[in-house]
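Enquirer: Here you go, one structure.
The values are calculated or read from the model by the stated rules, or taken from the named source; none is laboratory data. No experiment lies behind these values; they were computed from the predicted model shown. Because the Cβ atoms are built from the backbone with ideal geometry, glycine has one as well, and the counts that use them run over all protein chains shown. Just so you know, the surface numbers come from the protein's heavy atoms only, side chains and all, with ligands and any DNA or RNA stripped out. Shrake-Rupley method; radii C 1.70, N 1.55, O 1.52, S 1.80 Å.
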Amino acid sequence: MNLIVAVDRNWGIGKDNKLLVSIPADMKLFQRETIGKTVVMGRKTLESFPGGIPLARRNNIVLTRDEDYRAKGAQIVHSQQELLLEVANYPSEDIYIIGGDSVYRQMISYCDVAHVTKIDFAYEADSYFPNLDAMDDWEITASSEEQTYFDLEYTFVKYERKR
């Protein structure tokens, strides 16, 4: 399975259920990686999308403890165990964990690849992604040249779990 995320200098990913910043090239990467694939998210991540509508041209799976939660166009699961049973129906390389922080933390140990947009700026954040640079079992296997969006510098970094 894959993780895909944009992080700031402190591995922050969001504030008040919103992304810290929207970078067009990051959105294009996200789209290119996930179209036609299965995306896994928490309820709050789904609700942060325009209209709370699942992502088009993707199989959307939402993990929530709320037994009554419904979302048209998305499969709903209520536990990590139920999620693992559901994603077993899809090729592992076509599954992308897309947030939020609690879903990332629950699923990181099941993932082998992380696509991380590293933004060289520290925002005020209230949700964070685990710092892969501080984890011995992850290594950088690819990195883009530094990119710029207005005055923001960022790089696309691919991490893979060490075998």
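Enquirer: What lysines could a cross-link reach from LYS37, if we take a straight Cα to Cα line under 19 Å and drop same-chain neighbours fewer than 8 places away?
Expert: Result set, ordered by chain and number: LYS28, LYS72, LYS158.
Enquirer: Let's test the formula: R0 of 35 Å, r as the Cβ-Cβ distance of HIS78 and GLN31. What FRET efficiency results, to the nearest 0.05?
Expert: Once rounded, the FRET efficiency stands at 0.80.
Enquirer: For the chain, calculate the relative contact order in percent as a whole number, restricting contacts to Cα pairs under 8 Å that are 6 or more residues apart.
Expert: The value is 32 percent.
Enquirer: Let me test this: with uniform point scatterers at the alpha carbons of the chain, what is the Debye-based log₁₀ I(q)/I(0) at q = 0.10, 0.13, 0.16, 0.18 1/Å?
Expert: So the normalised log intensities are -0.34, -0.59, -0.92, -1.17.
Enquirer: Now a separate question. Calculate the dipole size of the range 1-91 relative to its Cα centre from +1 charges on Lys and Arg beta carbons and -1 charges on Asp and Glu beta carbons; express the result in debye to the nearest 20.
Expert: So the magnitude is around 340 debye.
Enquirer: Sticking with this one: Residue by residue through the range 42-55, which ³J(HN,Hα) values in whole Hz follow from phi under the Karplus form 6.51 cos²θ - 1.76 cosθ + 1.60 (θ = phi - 60°), with glycine and proline marked x?
Expert: With the stated coefficients, the range 42-55 comes to x, 4, 5, 5, 4, 5, 7, 6, x, x, x, 8, x, 5 Hz.
Enquirer: Once you charge only the Cβ atoms, +1 for Lys and Arg and -1 for Asp and Glu, what is the size of the charge dipole of the chain about its Cα centre, to the nearest 20 debye?
Expert: Roughly 560 debye, rounded to the nearest 20.
Enquirer: Moving on. Students sometimes get this wrong: rank THR38, THR155, THR148 by accessible area, probe 1.4 Å, all chains present, largest first.
Expert: Solvent-accessible surface, decreasing: THR148, THR155, THR38.
Enquirer: Using the scaling law 2.2 N^0.38 Å as the reference, what is the normalised Cα Rg of the range 90-163?
Expert: So the range 90-163 has a normalised radius of gyration of 1.18.
Enquirer: Something else about it: With a sphere of radius 11 Å drawn around the Cβ of GLU160, what net charge do the other residues whose Cβ falls strictly inside it have (Lys, Arg +1; Asp, Glu -1)?
Expert: Its environment carries a net charge of +1.
Enquirer: Amide H to amide H, which residues 5 or more places from SER143 or on other chains are under 5 Å from it, using H placed in the peptide plane?
Expert: Under 5 Å from the amide H of SER143: LYS158.
Enquirer: Evaluate E = 1/(1 + (r/R0)^6) for SER22 and ALA88, where r is the Cβ-Cβ distance and R0 equals 45 Å; express this FRET efficiency to the nearest 0.05.
Expert: Efficiency, rounded to the nearest 0.05: 0.85.
Enquirer: Ok, one more. Grab every C-alpha pair in the range 41-92, bin the distances at 5 angstrom width from 0 up to the longest one, and report whole percents.
Expert: 5, 21, 31, 25, 14, 5
Enquirer: Loop-only GluC sites (Glu not before Pro) in the range 40-137, please: DSSP not H, G, I, E or B, and at most 15 other Cβ atoms within 10 Å.
Expert: GLU67, GLU124
Enquirer: Moving on to the next point. Could you pull out every residue, at least 5 positions away or on a different chain, whose amide H is within less than 5 Å of the one on ARG58? Hs are placed 1.01 Å off N in the peptide plane, and Pro or chain starts have none.
Expert: Answer set, sorted by chain and number: GLY36.
Enquirer: How big is the charge dipole of the range 29-75 about its Cα centre, in debye rounded to the nearest 20, if each Lys and Arg gets +1 on its Cβ and each Asp and Glu gets -1 on its Cβ?
Expert: Rounded to the nearest 20 debye, it is 200 debye.
Enquirer: Can you give the accessible area of HIS115, probe radius 1.4 Å, in Å² rounded to 10?
Expert: 30
Enquirer: State, to one decimal in nm², a quarter of the convex hull surface area for the C-alpha atoms of the range 19-58, i.e. the direction-averaged projected area.
Expert: About 3.0 nm², averaged over all directions.
Enquirer: Provide the per-residue ³J(HN,Hα) series for the range 72-84, in order, calculated from phi with Karplus coefficients 6.51, -1.76, 1.60 and θ = phi - 60°, each as a whole number of Hz, with x at glycine and proline positions.
Expert: Per residue, the Karplus-derived 3J(HN,Hα) values read 4, x, 9, 8, 10, 10, 10, 7, 4, 4, 5, 4, 4 Hz.
Enquirer: Roughly how compact is the range 39-134, stated as its Cα Rg over 2.2 N^0.38 Å to two decimals?
Expert: 1.11
Enquirer: Another question about this same structure. Mind listing the phi-derived Karplus ³J(HN,Hα) values for the range 24-38, rounded to whole Hz, using 6.51, -1.76 and 1.60 with θ = phi - 60°, and x for any glycine or proline?
Expert: With coefficients 6.51, -1.76 and 1.60, one gets x, 5, 5, 5, 5, 4, 4, 5, 4, 6, 9, 4, x, 10, 9 Hz.
Enquirer: Looking at the chain, send over the antiparallel percent of its DSSP beta bridges, to the nearest 5.
Expert: Close to 50 percent.
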